[in-house]
């Protein structure tokens, strides 16, 4: 893949909100106003009433009646919701502004409560909409991996726990940490080419398919840039280059749990490679080709499968795809899996694995595999996954080692990234941007 090209972009001014405030904006501190609290219980309904009933003070209104600066941050986000692929008009920003203006003019507990509830309802609606992934959908091994909907109480309670509500809103902490920086870059790209900005929006849609993991670790593989990140909570603690699928054998957008490692793995050769590589080489060099590279032909993939004499096989038929063969490569220095593979069960047979040919990691375009993800440093990833160095006790093939705890993995596809105050635009090796841009246009995004 070619290096991403950084473009210096003009940063547009912040959206004017026309929000009047009675005092300088500052975060709410101290106990809630009892009269305001009573009005919140009177005007609130459903889970909003439940949230305030348990003694939770206002999020957006300070004890002195001033507005928390987080309200401005929230309104800016909703006014630019088209960058999220959402309709800004669906969040009733004008009504919220009217409620705030009324609060300033009136400052009664009822007016303050109405402004507080308007902002809370809008925040719940906006954050919930963002956690519904757009197209294209990611394939999930389990529903726990999805960015699931949260209840009103949970949304408000999480925001209330933030050390700074303003930083929480500005950083969009309810989203994956990749999201807010790219969104700011998309905002900065307003006024540049429509396609560049549309590509940024398409990439945001892909990131929305990855939920935040505030309490645990997870892996993100970007098949666009061919790079892997290891996250601890919302912090990327390490990364490495990877090799991913070719254009005609793309690494799919998917999510699963890395559950175990296989030490000294066999490589089960895919059918297409038997036709394209193995059979032609056997026809050209004889069955010695198989022996020198550690290949063997089996009667099947069952555990009790037995070796088949390769000299008895019609390799011309195999090359033509008329013969269904089972070929694997034994563990060793030349094995295409290297010394370890990490499995997250999926229907596509995709996994992470070591590779003996490290020189390919130096290539700018690393879209070279048959769909699986080859690792620059499989041992380093293993140490992070296991919490200790990964050791192979013997030369026995296919030694399974369970992870102490399954680790979520998300494979996405990004062609744009935030770099400083600008947008780093990369190539589209799989041609997915064009497909998604057409879908966004059709849906009015």
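Worth pointing out:
- Distance between segment 140-171 and segment 363-394 - C-alpha centres, whole angstrom: 32
- Segment 127-285: translational diffusion in µm²/s, Stokes-Einstein, Kirkwood Rh over Cα pairs, 10 °C, 1.306 mPa s: 85
- Report summary: the helix-based calculation at 222 nm, which adds -39500 (n - 2.57) for every DSSP H run with n ≥ 4 and divides by the residues of the chain, gives -9500 deg cm²/dmol.
- Based on every Cα atom in segment 216-355, Rg and the maximum pairwise Cα distance Dmax equal 17.6, 56 Å.
- Dmax and Rg, reported as Rg then Dmax, of segment 68-148 (C-alpha, Å): 15.8, 53
- Tensor-based shape of segment 227-306 (alpha-carbon gyration tensor, a/c under 1.5 rounded, otherwise prolate or oblate): prolate
- Seen from a random direction on average, the alpha-carbon convex hull of segment 355-423 projects onto 7.4 square nanometres.
- Between helix 179-188 and the chain: long-axis angle, C-alpha atoms, 0 to 90°, nearest 10: 70
- Largest-first principal axis extents, alpha carbons of the chain, Å: 93, 45, 33
- Helix 109-130 and the long axis of the chain differ in direction by around 10°, with both axes built from C-alpha atoms.
- Computed from Cα atoms, the angle from the helix 93-106 axis to the main principal axis of the chain rounds to 30 degrees.
- Tail beyond 15 Å, pair distance distribution of segment 267-329 (Cα, percent): 43
- Comparing Cα centroids, segment 315-344 and segment 32-91 end up 59 angstrom apart.
- Calculated SAXS-style log₁₀ I(q)/I(0) at q = 0.22, 0.23, 0.25 Å⁻¹ - segment 304-399, Debye, Cα scatterers: -1.26, -1.30, -1.36
- Each peptide in 201-209, 399-407 receives the mean, over its residues, of other Cβ atoms within 10 Å, and ordering these scores from highest gives 201-209, 399-407.
Every number in this text was worked out from the coordinates using simple rules, so none of it is lab data. No experiment lies behind these values; they were computed from the predicted model shown. When we count neighbours, we look across all protein chains shown, and the Cβ atoms used for this are built from the backbone with ideal geometry, even at glycine.
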